[in-house]
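Working notes, structure below.
The values are calculated or read from the model by the stated rules, or taken from the named source; none is laboratory data. Keep in mind the model is a prediction, meaning the values are calculated, not measured. Methodologically, a virtual Cβ is constructed for each residue, glycine included, from the backbone with ideal geometry; neighbour enumeration extends over all protein chains shown. Ligands, DNA and RNA are excluded from the accessible area calculation, which covers all protein heavy atoms including side chains. Shrake-Rupley method; radii C 1.70, N 1.55, O 1.52, S 1.80 Å.
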Amino acid sequence: MSARVNRTTRLVRRILSVAGLLALAGGAPAQAPPPQAPPPQLLLFHGHILTMNPGDSIAQALAVRDGKIIAVGSDREILRLAGAATLRIDLNGRTATPGLIDSHAHIADGGVEELYHVHLGDASTVAEVVRRVRAGIARLKPGEWLQGDGWDEGKLAEKRYLAAADLDAVSPKNPVWLMHTTGHYGVANSVALRLAGITVHTPDPVAGTIDRDARGIPTGVLKESAKNAVLDLIPAPTPEQRRAGIMHSIELLHHEGMTAVKDPAIDRPIWNAYRQLLDEGKLKEHVCVLWFAGSTLASARAALQEILALPRPPQSLGDGRLLSCGAKIFMDGSGGGRTAWMYQDWNMHSTGIDAGNTGYPAVDPQVYRQQVRLFHQAGVHVGTHAIGDRAIDWVVDTYAQVLAETPRTGLRHSIIHANIPTDHAIETMAGLERKYDAGYPEAQAPFMWWIGDTYAGNFGPQRSLRLVPLKTFLSHGIRWGGGSDYSVTPLPARFGLWASVEREALLGTYGAHPFGTAESIDIHAALRSYTVWAARQLFLEDRIGSLEVGKDADIAVWDRNMYDIPARELRNLRCELTIVHGEVVYDAAHP
Ligand SMILES: [Zn+2]
């Protein structure tokens with residue numbers, strides 16, 4: 001950053017700041033507060049501060065007062081602002097970035113899973129899954145539910161789904177539900193199937209699949225809406241468990257330099273948990289939530305009632321800490337379960353064809369369109385889950401239609417995941433961003449890594465190359481929010497930064513790079529998708545996402561400079577310090 005600010009500009013800025021409008025000058029080069037202002041409470045100096053301002057400038061130091069950044073510049077400019085009581089943090093040449101932002105992470109549900117369920121994300125054989133289930137059952141009374149999460153057939157040596165028959169011998173008296181890492185399907189044991197009334201005679205529900213063996217007998221795997229028959233029987237977490245889950249996730253976020261998150265698909269109990277944590281002063285994170293709209297017009301109206309009773313973004317509760325951002329709809333299913341809505345048949349094991357299976361919509365497409373119109377006309381942001389090419393086309397065409405009917409800029413309707421967009425979808429997204437400030441992808445590069453082996457097998461060799469086309473987004477001027485979809489993939493954003501550049505599958509079952517590297521982007525663009533661009537999708541772009549005067553002092557300090565290290569090392573970045581609103585919330589030296 002340059003200190004060369006001409007006198008007139010400086011004078012204008014001083015007038016602005018005296019008028020209490022300092023934030024208006026955010027994004028400008030180095031700038032000092034007026035001399036009569038009280039000294040900063042906090043200084044960071046002697047660092048490489050990646051500001052993420054429009055010029056991607058790197059500063060040495062910054063100053064913070066009352067949770068806001070009041071100056072950014074050279075060591076000399078900033079250190080002279082210090083008062084006797086100013087806390088000075090010597091970065092010793094380390095790198096600082098804005099606190100990283102995840103535009104799609106289920107931190108409330110993921111925290112509950114982490115604290116109270118059996119973990120299967122690192123299980124590599126069916127026998128290991130069974131061993132963990134047996135150990136979990138040993139702690140339960142007969143009849144109590146055992147829940148597990150995170151399995152993925154692509155990570156199991158057997159390369160097959162789990163089945164009720166795998167689980168029954170260790171769970172004769174307890175119902176078991178093991179959710180797949182995608183959250184779109186899972187496996188029940190026979191006790192659970194019996195309780196849910198699922199037999200050989202049960203037909204597939206609308207928008208759901210009961211997996212069956214060659215004789216037509218249910219295997220235990222239930223996909224999409226078919227899993228609801230079991231999920232509806234499982235007792236909900238208690239309010240205390242919900243709050244503990246959120247706190248657990250926020251602690252992990254702070255360990256990873258992450259200070260803002262969009263939690264998509266919440267309901268009233270989750271909102272109440274966030275609200276109580278906020279009221280107790282424990283919510284030290286920016287959280288923007290989407291209310292789950294369900295699959296009918298009536299359920300969408302019920303979600304709208306909740307939304308209309310709360311402040312609209314960018315208004316928030318708790319000074320930017322909790323925002324009711326809008327509504328979440330599922331257009332289709334999963335690339336893991338081969339249920340996402342595609343134009344062509346799904347593949348199996350890469351080159352095989354799942355003949356006749358093009359997936360399906362999760363909601364009637366005409367009902368979806370009415371749901372979106374309902375929210376849009378009420379001025380409410382919509383985020384739609386869309387994985388398959390056909391689902392994405394339907395979503396972007398719906399957005400284009402309601403925006404043409406009722407033009408309105410700034411609602412930022414999003415395409416959540418946007419895994420495999422057609423050329424038409426890409427052109428439409430670019431147009432909607434330009435014209436209406438809407439149509440943004442909220443993309444998950446880590447899918448290519450964590451569930452990359454399953455994905456490569458299902459999308460097949462040709463389609464895989466089109467997956468998560470970040471370079472094409474860039475070339476079309478499309479901005480997107482980065483994210484993990486935690487607990488689909490692990491929460492740390494460093495994995496997403498790395499995957500955006502490297503596009504590498506976890507195990508390499510179909511080669512290390514089944515998605516190619518033609519759509520790789522560099523770390524500068526990747527970091528933008530986890531900072532300034534993601535901030536937009538949380539309606540917080542005036543407060544967070546860059547280190548500029550007037551913005552919140554949300555800062556992450558790293559052990560290495562992500563602009564300098566080899567891309568393959570991005571996943572190993574270590575956060576050493578996290579600051580939210582000027583308060584140190586994580587310090588690796590004093591954990
Ligand atoms: Zn999700």
### Task
Could you please put R503, R369, R212 in sequence from largest to smallest accessible area, using a 1.4 Å probe?
R212, R369, R503
### Query
Once the Cα gyration tensor of the range 198-286 is found, what semi-axes does its equivalent ellipsoid get, as square roots of 5 times the eigenvalues, in whole Å, sorted largest first?
38, 14, 11
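Per 0.36 nm of contour for each residue apart, how much would the distance between R160 and R194 grow if the chain were fully extended, relative to their Cα-Cα spacing?
Values: separation 34, 0.36 × 34 = 12.24 nm, distance 2.31 nm.
Full extension from R160 to R194 adds 9.9 nm.
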### Share antiparallel - DSSP beta bridges, the range 103-200, percent rounded to 5
30
### Query
Can you give the angle from 0 to 90° between the axis of helix 126-137 and the longest principal axis of the chain, with both taken from C-alpha atoms, to the nearest 10?
80
## Note on the structure
A 1.4 Å probe over the protein heavy atoms gives the range 32-190 a carbon and sulfur accessible-area percentage of 54
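Mind ranking H385, H201 by accessible surface for me, highest first, 1.4 Å probe? Before the final figure, lay out the partial values.
Values: H385 5, H201 160 Å².
Of H385, H201, the descending order of accessible area is H201, H385.
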## Note on the structure
The alpha-carbon pair-distance distribution computed for the range 148-219, with 5 angstrom bins and whole-percent values, is 3, 16, 24, 28, 20, 8, 1
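Using the scaling law 2.2 N^0.38 Å as the reference, what is the normalised Cα Rg of the chain?
Numbers: Rg = 24.3 Å, N = 591, 2.2 N^0.38 = 24.9 Å.
Rg over 2.2 N^0.38 Å, computed on Cα atoms: 0.98.
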### Message
For the chain, which cysteines have no second Cys with its Cβ under 4.7 Å from theirs?
### Response
C575
### Message
Restricting to bridges with both residues inside the chain, how much of the DSSP beta-bridge set is antiparallel, in percent to the nearest 5?
### Response
45
### Query
For the chain, what is the mean residue ellipticity at 222 nm derived from helices alone (per DSSP H run of n ≥ 4: -39500 (n - 2.57); sum divided by total residues; nearest 500 deg cm²/dmol)?
-9000 deg cm²/dmol
### Message
Please give the charge dipole size of the chain, origin at the Cα centre, charges +1 on K and R Cβ atoms and -1 on D and E Cβ atoms. Round to the nearest 20 debye.
### Response
1080
### Query
So how exposed is R160, as accessible area in Å² (1.4 Å probe, rounded to 10)?
90
### For the range 315-364 versus the range 56-109, the gap between their alpha-carbon centres in whole angstrom
38
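Express in nm, to one decimal, how much length is gained between K141 and K435 on full extension, taking 0.36 nm for each residue of separation and deducting their alpha carbon distance.
Numbers: separation 294, 0.36 × 294 = 105.84 nm, distance 5.85 nm.
Between K141 and K435, full extension yields 100.0 nm more.
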### Task
May I ask you to evaluate 6.51 cos²θ - 1.76 cosθ + 1.60, the Karplus curve with θ = phi - 60°, for each residue of the range 286-300 and list the ³J(HN,Hα) values in order in whole Hz, giving x for glycine and proline?
8, 10, 10, 10, 10, 7, 5, 8, x, 10, 10, 5, 5, 5, 5
### Message
For the chain, take the longest principal axis of its alpha carbons; what is the angle in degrees between that and the long axis of helix 7-18, to the nearest 10 within 0 to 90?
### Response
70
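Under a 1.4 angstrom probe, counting protein chains only, how are L432, L195 ranked by accessible area, largest first? Before the final figure, lay out each step's value.
Working: L432 10, L195 105 Å².
Listed by decreasing accessible area, they come as L195, L432.
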### Query
Across the range 446-453, in residue order, what do the Karplus-derived ³J(HN,Hα) couplings come to in whole Hz, using 6.51 cos²θ - 1.76 cosθ + 1.60 with θ = phi - 60° and x for Gly and Pro?
x, 4, 5, 9, 5, 10, x, 6
### Task
Give me the percent of the accessible area of the range 386-539 that comes from carbon and sulfur atoms, probe 1.4 Å, all protein chains in place.
53
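Just to confirm, what accessible area per residue do you get for the range 373-518 at 1.4 Å probe, in whole Å²? Show your work: numbers first, answer last.
Working: 4070 Å² over 146 residues.
In whole numbers, the range 373-518 has 28 Å² accessible per residue.
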### Query
Quick one: how many Å² of D522 are accessible to a 1.4 Å probe, rounded to 10?
80
### Task
Starting from the amide H of V221, placed 1.01 Å from N in the peptide plane, find each other amide H under 5 Å away whose residue is 5 or more places distant or on another chain.
A164, A188, D211
### Query
Near the amide H of V585, under 5 Å away, which other amide H atoms are found, from residues 5 or more places off or on another chain, if H is placed in the peptide plane?
T578, I579, V580
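Keeping the other protein chains in place, figure out the carbon and sulfur percent of the accessible area of the range 226-269, with a 1.4 Å probe.
Details: 970 of 1720 Å².
Within the range 226-269, the accessible surface is 56 percent carbon and sulfur.
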### Task
Calculate the dipole size of the range 492-591 relative to its Cα centre from +1 charges on Lys and Arg beta carbons and -1 charges on Asp and Glu beta carbons; express the result in debye to the nearest 20.
260
### Query
How much accessible surface area, in Å² rounded to 10, belongs to the heavy atoms of D122 with a 1.4 Å probe?
110
### Message
Per 0.36 nm of contour for each residue apart, how much would the distance between Q241 and H119 grow if the chain were fully extended, relative to their Cα-Cα spacing?
### Response
42.2 nm
### Summary
Counting only DSSP loop positions in the range 393-443, the GluC sites (Glu not before Pro) whose Cβ has at most 15 other Cβ atoms within 10 Å are none
### Message
For the pairs K68/K262; K155/K282; K223/K435, flag any whose C-alpha to C-alpha distance is greater than 28 Å.
### Response
K155/K282; K223/K435
